[in-house]
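These notes are about the structure you will find just below.
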Amino acid sequence: MRILSFTASPLIIALRDDEQGTTIMEFGLIATVFVTLLLGLFDLGQLAYTQSILNGAVQTAARSSSLESGNTTAADNEVASIVRVVAPGATVATSRVSYFDFDDIERAEAWNDADSDGTCSVGENYSDENGNGMWDEDIGSDGNGGASDVVIYEVTVSYDPLFPNPFIPGGVSKRNLSASTVKKNQPFANQPGFGDAAGVC
Ligand SMILES: [Ca+2]
Ligand SMILES: [Ca+2]
């Protein structure tokens, strides 16, 4: 019976014993971890800095908007302009909801909750305090309101990271931030009271 035998060639032996590529392999592994950490730090830095800039810009815009001479469009544009310095190309969205006073924030309009279910059911009477012709679970009105009104100003920001990281889940997706504040408008005129028109849900 013939027994097959295998004898490694000198080339195979040389390749097997060659350790010159070891350093490259090690560098590749370490570099991946290092770059991931570095990108993560830069990304967190941009996130924290943008949030800080956004907070300050929102406060300034809300204060200027609360004045009789306030220009909300200009204030919003200024916020976007400031944010885009640190988050180029960011999408900036703003919203304002006004209330008669602080106690009214997210308050429902008065209604006769006959069935005690916490909402204005069909047939129940309500008082249309904000005058929009319907019952509102939140009495707030969109916009900057008028004299002495309390306004919630909120800004949301979405941007592509300057330091995307393809090595982690979500590392290249958009970053989303928001900031809000509450300010009372300057008492530059008499504040209209609540409406009292009756309605039926
Ligand atoms: Ca009800
Ligand atoms: Ca209403």
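The values are calculated or read from the model by the stated rules, or taken from the named source; none is laboratory data. Keep in mind it's a predicted model, so treat the numbers as computed, not measured. Ideal geometry is used to build each Cβ from the backbone, glycine not excepted, and the neighbour counts take in all protein chains shown.
Tabulated results
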{"quantity": "Options A110, A74, A87: the member that is surrounded by 15 or more Cβ atoms within 10 Å (Cβ to Cβ), touching a helix residue (DSSP H, G or I) at 6+ places or on another chain (Cβ under 9 Å) and at negative phi", "calculated": "A87"}
{"quantity": "Residue count for segment 113-130, restricted to those that are in contact with a Ser or Thr (Cβ under 9 Å, 6 or more places away or on another chain), surrounded by 12 or more Cβ atoms within 10 Å (Cβ to Cβ) and free of Cβ contacts under 8 Å to residues at least 24 places away in the same chain", "calculated": "1"}
{"quantity": "Complete set of residues in segment 139-162 that are within 16 Å of ligand 2 (Cβ to nearest atom), in contact with a Phe, Trp or Tyr (Cβ under 9 Å, 6 or more places away or on another chain) and part of a loop (DSSP other than H, G, I, E, B)", "calculated": "I139, G140, G145, D149"}
{"quantity": "Failed condition for G170, given (1) modelled with pLDDT under 95; (2) closer than 30 Å to A75 by Cα", "calculated": "(2)"}
{"quantity": "Spans of helices (runs of 4 or more DSSP H) in segment 6-90 with at least 1 residues within 21 Å of V155 (Cβ to Cβ) and in contact with a strand residue (DSSP E or B) (Cβ under 8 Å, 6 or more places away or on another chain)", "calculated": "22-65, 72-86"}
{"quantity": "Boolean, I168 is more than 30 Å from A31 (Cβ to Cβ), away from ligand 1 (no atom under 16 Å from the Cβ) and in contact (Cβ under 8 Å) with a residue 60 or more places away in the chain", "calculated": "no"}
{"quantity": "The one condition in (1) loosely packed, with under 14 Cβ neighbours inside 10 Å; (2) over 23 Å from the mean Cα position of the chain (by Cα) that S81 fails to fulfil", "calculated": "(2)"}
{"quantity": "Unmet requirement for W135, which otherwise passes all of (1) away from ligand 2 (no atom under 16 Å from the Cβ); (2) farther than 30 Å from K174 by Cβ; (3) assigned to a loop (DSSP other than H, G, I, E, B)", "calculated": "(1)"}
{"quantity": "Residue ID - nearest to A87 (Cα to Cα), chosen from residues in segment 165-201 that are part of a loop (DSSP other than H, G, I, E, B) and hydrophobic (A, V, I, L, M, F, W, C)", "calculated": "V172"}
